[in-house]
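The values are calculated or read from the model by the stated rules, or taken from the named source; none is laboratory data. Remember, predicted model here, so these are calculated numbers, not experimental data. Backbone-built Cβ (ideal geometry, glycine too); neighbour counts: all protein chains shown. The area values use the complete protein model at the heavy-atom level, side chains included, leaving out ligands, DNA and RNA. Shrake-Rupley method; radii C 1.70, N 1.55, O 1.52, S 1.80 Å.
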Amino acid sequence: MAVERALVLWPIKTFAFFWHYACWGFVYHAKFDMIQTTMPVTASDSSYQEYNVWFNTFVVAAFLCFGIEWVSFTQGASLLRPRIAMISSLLHGMGAVFLLWMVADAWAWFCMIYIFFIFTLPPALLESWALIAVWEERCRGCGRGVSRALGCGKPCAPWEVGCCGKGCRASCRDGVQFV
């Protein structure tokens, strides 16, 4: 069940993630024009540099969020939790649409700050929560052996670290017990 679910969610999540990632790159490519359109004609170079620093700060923060999500994605953390994967995919898709719309309609550059806090940061927080949960389950003993039998008789495979939806510990005779 977990494998089939992951196989369905994987292409959706991959497409939405990389599309959002590419749109942030597109926004960075359009940086000069976006900042220039929001500045008054009499603005000095120091005001441009200040806007440029803020712009770059949020672009770097977005790419750090994508880095966290990439680690979570490669560990399979979000694919084990379909709600997180679907929410993350939806937010990435909407973030990509709004970033493209922002560049195409020449919105003010600071609109990307709102897009960051609404569509980029929440998926990173959800993915980091899922990643921490998976690492915690692996540290407790679940997921060590591919064919270790549990109390329910199901194997504890790496993609089933949730152990049939329940937590498990490495404290019983056979190495795993339900709590």
Take region 3-47 and flag every residue that is assigned to a helix (DSSP H, G or I) and β-branched (Val, Ile, Thr). VAL3, VAL8, ILE12, THR14, VAL27, ILE35, THR37, THR38
Where a residue in region 121-139 is at negative phi and its partner, wherever it lies, is open to solvent by 30 Å² or more (accessible area, probe 1.4 Å) and of a type in the set (S, T, N, Q), with Cβ under 7 Å and at least six apart: LEU131/GLN75; VAL134/GLN75
Counting only residues in region 108-122 that are at pLDDT below 95 and surrounded by 18 or more Cβ atoms within 10 Å (Cβ to Cβ), the one nearest to GLY25 (Cα to Cα) is identified as MET112
Tell me which residues, restricted to region 59-102, are on the phi > 0 side of the Ramachandran plot and in a helix (DSSP H, G or I). none
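The rows are residues; the columns are (1) surrounded by fewer than 18 Cβ atoms within 10 Å (Cβ to Cβ); (2) touching a strand residue (DSSP E or B) at 6+ places or on another chain (Cβ under 6 Å); (3) among the polar types (S, T, N, Q).
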| position | (1), (2), (3) |
| --- | --- |
| GLY25 | yes, no, no |
| LYS31 | yes, no, no |
| SER46 | yes, no, yes |
| THR57 | yes, no, yes |
| PHE66 | no, no, no |
| TRP70 | yes, no, no |
| SER78 | no, no, yes |
Can you name the residue in region 33-42 that is surrounded by fewer than 16 Cβ atoms within 10 Å (Cβ to Cβ) and in contact with a helix residue (DSSP H, G or I) (Cβ under 9 Å, 6 or more places away or on another chain) and, of all such residues, is modelled with the lowest pLDDT? PRO40
